[in-house]
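The values are calculated or read from the model by the stated rules, or taken from the named source; none is laboratory data. Keep in mind it's a predicted model, so treat the numbers as computed, not measured. As a convention, Cβ positions derive from the backbone with ideal geometry for all residues, glycine included, and neighbour counts pool all protein chains shown.
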Amino acid sequence: MEKEKLLEFIANAHRNTYAAPDEIRKKYKCKEPIIQGHKDYDFIEGEWRYHDSYSGTFWAPGREVVFYQGKPVWCMSYQGRVINGLTEEFIEEVYAFLKKALMNFDNRMPFRGPKHFKNNDFEYAFKLKGDYSYFTGREAIKHKGKEVFLQHVMGELIK
């Protein structure tokens, strides 16, 4: 398995699942989640398969796994939340902005969004330590300078 092919597949999977436009995302959303109460996405391309599963809205931990030839080869876990006290309407705006940020990822490190992304009063930042083989990171969204969302991630190759 080559690094470049793995990263290219992760990028393609991200372009077609959670943050993708509705008409694309719906093709890969699982009708039945693997674990009750979760939302799952499954994307297959040749010998590659990507599965994302998460639960929750305000606090939403989850995990992405990439399989190659039927074997798990890479995984990323994420755990985050919106800040307490926000209205559901505003939270929808936060997640809509998050999806925009996530679709602007760096193809060389397609794990979350770019280092920085700004749109109107929202600003996204992602700090990553490590590389595709082992990494940790933190992403955050600010609205008018105040943090309204944060998430921690960690991922690595599976050996």
Query raised in the report: Going through segment 125-147 one residue at a time, which ones are within 20 Å of G56 (Cβ to Cβ) and touching a Lys or Arg at 6+ places or on another chain (Cβ under 8 Å)?
Result: G137, R138, E139
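Go through the residues of segment 114-129 one by one and say whether even a single one is assigned to a helix (DSSP H, G or I) and either at negative phi or charged (D, E, K, R) (or both). Can you show your working first?
Of segment 114-129, the ones assigned to a helix (DSSP H, G or I) are none.
There is no residue in segment 114-129 that is assigned to a helix (DSSP H, G or I) and either at negative phi or charged (D, E, K, R) (or both).
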Report task. Starting from residues that are surrounded by 15 or more Cβ atoms within 10 Å (Cβ to Cβ) and out of contact with any helix residue (DSSP H, G or I) (no Cβ under 6 Å at 6 or more places or on another chain), keep the ones in segment 105-124 and report whichever is farthest from R63 (Cα to Cα). Result -> E123
Requested in this report: May I ask you to verify whether A96 is of a type in the set (A, V, I, L, M) and surrounded by 14 or more Cβ atoms within 10 Å (Cβ to Cβ)?
Outcome: no
**Report entry** Complete set of residues in segment 41-60 that are out of contact with any His (no Cβ under 7 Å at 6 or more places or on another chain) and either among the acidic types (D, E) or surrounded by fewer than 16 Cβ atoms within 10 Å (Cβ to Cβ) (or both)
**Finding:** I44, E45, G46, E47, D52, G56, T57, F58, W59
Query raised in the report: What tally of residues in segment 58-69 results from selecting those that are over 18 Å from K29 (Cα atoms) and at pLDDT 95 or above?
Result: 2
Query - Tally of residues being in a strand (DSSP E or B) and not small (G, A, S) across segment 56-69 - result: 7
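Please verify whether D106 is of a type in the set (D, E) and modelled with pLDDT of 95 or more, treating the condition exactly as stated.
Working: of a type in the set (D, E): yes; modelled with pLDDT of 95 or more: no.
Judged against the criteria, D106 is not a match.
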Requested in this report: Determine the pairs where a residue that is over 29 Å from F149 (Cα atoms), located within segment 60-81, has a partner that is assigned to a strand (DSSP E or B) with Cβ atoms under 6 Å apart, the partner being 6 or more residues away or on another chain.
Outcome: F67/R49; Y68/W48; P72/V65; V73/V66
Query raised in the report: Only one of (1) modelled with pLDDT under 95; (2) within 21 Å of A13 (Cα to Cα); (3) outside any loop (DSSP other than H, G, I, E, B); (4) not β-branched (V, I, T) fails for P72. Which number is that?
Result: (1)
